[in-house]
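Visitor: Structure provided below as structure tokens; questions to follow.
The values are calculated or read from the model by the stated rules, or taken from the named source; none is laboratory data. Treat the numbers as computed from the prediction; the structure is a model and nothing was measured. So basically every Cβ, Gly included, is an ideal-geometry build from the backbone, and we count neighbours across all protein chains shown. Note: accessible area is taken over every heavy atom of the protein model, side chains too, but ligands, DNA and RNA are not part of it. Shrake-Rupley method; radii C 1.70, N 1.55, O 1.52, S 1.80 Å.
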Amino acid sequence: MFELKTYLSVCKSCLVKHLEENNTCPSCQIVIHQSHPLQYISFDRTMQDIVYKLVPRLQDNEMERERSFYASKGLPCPKDVPVAGAEHDTATTKAEVDQHAAADYHRQDDQVNLQLECMTSSLKNLSRRFIRCSSSATISHLKKFVASKLLVPDKYKEIDIFCNDELLGKDHTLKFVFLTRWRFKEQPIKLQYKTSTIDF
């Protein structure tokens, strides 16, 4: 299920067909986006979970239809492809394949763009300052990310993250940071990091 900003829940195929010809909401006719309406709809995981629980075997039937579609085209089903670099065991069970298919690793979450800058000369800048990640990620996740890139993963608690020169709490999500500290500005959200101790 997908939801629009008006919280109308519709199935993906119906919504995509509608948006091929229109750029408006199928219910209230409000313009979603002038040129790219498909980029401004989001997956409604809660509604999809409810539907799967209410309709017996719906999820299994959808997976079977998807696999048969890709098989008819002579292609592997994307949800059955193992993670790159993982050892592929020929005895992989159907349950393991389904478990991998169900895990989306937050790819369907709202995404935010970040720019991470070092505030002090005692730390080095990251080789890649721009990252894109789930808006559900917390400042603690960012601290661990920065610490791992600086090759000191065990000292992540000593790293402080700032936005607009204001220290951010470790439990703040990036969505919260965006809404409270960066609301009317263009992305990427500019964050700074430094160590809270003198020796790092």
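Visitor: Go through the stretch 92-124 and report how many residues are modelled with pLDDT under 85 and polar (S, T, N, Q).
Guide: Going through the stretch 92-124 one residue at a time, the tally reaches 6.
Visitor: Would you say LYS73 is surrounded by 10 or more Cβ atoms within 10 Å (Cβ to Cβ), free of Cβ contacts under 8 Å to residues at least 40 places away in the same chain and at negative phi?
Guide: no
Visitor: May I pose another question? How many residues does the stretch 151-180 contain that are under 16 Å from GLN192 (Cβ atoms) and polar (S, T, N, Q)?
Guide: Residues in the stretch 151-180 being under 16 Å from GLN192 (Cβ atoms) and polar (S, T, N, Q): 1 in total.
Visitor: Further, regarding this structure: Within the stretch 157-180, does at least one residue satisfy the condition of being of a type in the set (S, T, N, Q) and under 21 Å from the mean Cα position of the chain (by Cα)?
Guide: Within the stretch 157-180, one or more residues are of a type in the set (S, T, N, Q) and under 21 Å from the mean Cα position of the chain (by Cα).
Visitor: Then there is this: Could you give every pair whose Cβ atoms fall below 6 Å, whose first residue belongs to the stretch 160-188 and is in contact (Cβ under 8 Å) with a residue 60 or more places away in the chain and within 14 Å of THR138 (Cβ to Cβ), and whose second residue is part of a loop (DSSP other than H, G, I, E, B) and not hydrophobic (A, V, I, L, M, F, W, C), counting only separations of at least 6 or pairs across chains?
Guide: If the second residue must be part of a loop (DSSP other than H, G, I, E, B) and not hydrophobic (A, V, I, L, M, F, W, C), the pairs left are LEU174/SER135; LYS175/SER135.
Visitor: Out of the stretch 114-137, which residues are of a type outside the set (Lys, Arg), open to solvent by 80 Å² or more (accessible area, probe 1.4 Å) and part of a strand (DSSP E or B)?
Guide: Within the stretch 114-137, PHE130 is the sole residue that qualifies.
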